[in-house]
Amino acid sequence: MENGQERLFRQLLSTHRCGNCRHRFERNRFTIMAKHEKLWVVSAHCSACNKVQVFWVSLYRGIELAPQEL
């Protein structure tokens, strides 16, 4: 079950677009891979081209694409 924080993060992340095809991510296509006190690692699967992108979600700095080395 989704809690309030997860619901908010999914809503915020769904405003981002795929870097490959520019299709907007759907809320149900995110997976929370890790949670830490101030940082979440989230993967997003594009429903149009099936590319996977990883985001770092910081409670203080917002949403950033993870480095490609991961």
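The table below gives the values:
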{"item": "Filter result (under 13 Å from residue 54 (Cα atoms) and open to solvent by 50 Å² or more (accessible area, probe 1.4 Å)) within the range 1-19", "result": "16, 17, 19"}
{"item": "Matching residues, the range 22-33, being in a loop (DSSP other than H, G, I, E, B) and surrounded by 12 or more Cβ atoms within 10 Å (Cβ to Cβ)", "result": "23, 25, 26"}
{"item": "Per-region count, the range 34-46, residues open to solvent by 50 Å² or more (accessible area, probe 1.4 Å) and more than 22 Å from residue 5 (Cβ to Cβ)", "result": "0"}
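The values are calculated or read from the model by the stated rules, or taken from the named source; none is laboratory data. Predicted model, so just to flag it, every value in this text is computed and none were measured. Cβ coordinates were reconstructed from backbone atoms using ideal geometry, including for glycine residues, and neighbour counts include every protein chain displayed. What goes into the accessible areas is simple: the full protein's heavy atoms, side chains included, and nothing from ligands, DNA or RNA. Shrake-Rupley method; radii C 1.70, N 1.55, O 1.52, S 1.80 Å.
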